Every structure is written in C-alpha cells, then in structure tokens.
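*Asks:* My questions will all concern the structure given below.
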Amino acid sequence: MTFVYTTIKCFTFVPTNIVCVIMKIEEVIKSNVIMDDAKKAILSIMYTQNVINDKFLELLKPFDLSGEQYNVLRILRGQKGNPANMCIIQERMLAKNSNTTRLIDKLLLKEFVTREVCPENRRKIEVAITSKGLNVLAELDPKVNEHEQLFASNLSQVELQQLNSLLEKYRTITL
C-alpha cells in the first residue's frame, strides 16, 4: 500500500495506488492574480507548513499532545537523563515564542515531566522527562517517522538535500 495525497478543498491523505495531484499555489488559494516568484515561494512555504502541521497534529491528537509539548518532550529526551532548565528548553524550541512555563505545567499534569528547583541556584527550575514521557515518545517515534517519510516520498534523496539546503539559505536573512 502506498500513501498518496490529493488536494481538493482540504489536504487529505488517502492510502491508494493513484498518482498524486500536484496543485500550484495559485490553484490552492484560487487566485487569478499574477504573483512574482518571491510571493509564490512565501505562500507555498506557509501553505506547506500548514499541511504538514495539520497532519502532524492529527498524529498527536490521540496522545493529547500539542506540537509544542511534543517538542519539549523531544528536547528533554535529548538530555539523556539530565534535567534541563527553562532557558535551555526555550533556546531549543522550534517555535521561539512558545510559553515554555505553560507547556511544562501541562506536561506536569500529564506526568510526562518533573520540575524541581535547582539546588545550586534557587532561581533556576530544572525539568526532566519521566518514564511515562519516554514511553509516549517511544510509541510516537514510528508514527512520526512514517509521517516524515510520507512527505519525503515524493522526493529523491538528492531533492531532499537540495530542499534542505534551499530552505536553510532562504531563512538566512541578511540585513
């Protein structure tokens, strides 16, 4: 079984053997206005990010996790058993404007993390992932990998490398 996407009114994933339908951004937003390539690029990136995020949130929904909460758990797992303070978590977040304190509070209620005052510096809060949090990540790992592979399946390895390179270049703004 292969996963192929079609875009009609909204983006849906349907397991079929049908070839995917690729729509230009003008068709997606139903615009007849002529756009320059810079505008098309920005709109395509924004739309694609929403498509990827919507599918990712679908994946997280049964686990009662937001994308930001998942990101915090991944950061804490990367600490390999060592706690992280709030600054470290905030620095590593994909969404830099996330309310880290609120995210940690929600993860505490789910018993996915612990939070303690740092013994050396009482102004610092240390957060660690619990075994329950690690178990949720272990269950999510294959699903997240499948999600990543689904989106990558239309591109060759060379195209994926080019895409990464172009996106890195694109987000580097020189003032």
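The values are calculated or read from the model by the stated rules, or taken from the named source; none is laboratory data. Owing to the predicted nature of the structure, the values given are computational and were not obtained by experimental measurement. Cβ coordinates were reconstructed from backbone atoms using ideal geometry, including for glycine residues, and neighbour counts include every protein chain displayed. In case anyone asks, the SASA skips ligands and DNA or RNA and just uses the protein heavy atoms, side chains included. Shrake-Rupley method; radii C 1.70, N 1.55, O 1.52, S 1.80 Å.
*Asks:* Going by what's in this entry, would Glu58 be described as modelled with pLDDT of 80 or more and out of contact with any His (no Cβ under 8 Å at 6 or more places or on another chain)? Before you say what the answer is, go through the steps one by one.
*Replies:* Values: modelled with pLDDT of 80 or more: yes; out of contact with any His (no Cβ under 8 Å at 6 or more places or on another chain): yes.
Yes.
*Asks:* Return the pair list, or none, for Cβ contacts closer than 6 Å from residues in region 124-151 that are within 12 Å of Arg74 (Cα to Cα) to residues that are surrounded by 18 or more Cβ atoms within 10 Å (Cβ to Cβ) and modelled with pLDDT under 95, at least 6 apart or on different chains.
*Replies:* Ala128/Pro83
*Asks:* While we're here: Answer yes if at least one residue in region 73-92 is at pLDDT below 95 and on the phi > 0 side of the Ramachandran plot, and no otherwise.
*Replies:* yes
*Asks:* Right, next: Just name the residue that is most open to solvent (accessible area, probe 1.4 Å) out of those in region 161-175 that are aliphatic (A, V, I, L, M) and under 20 Å from Lys40 (Cα atoms).
*Replies:* Ile173
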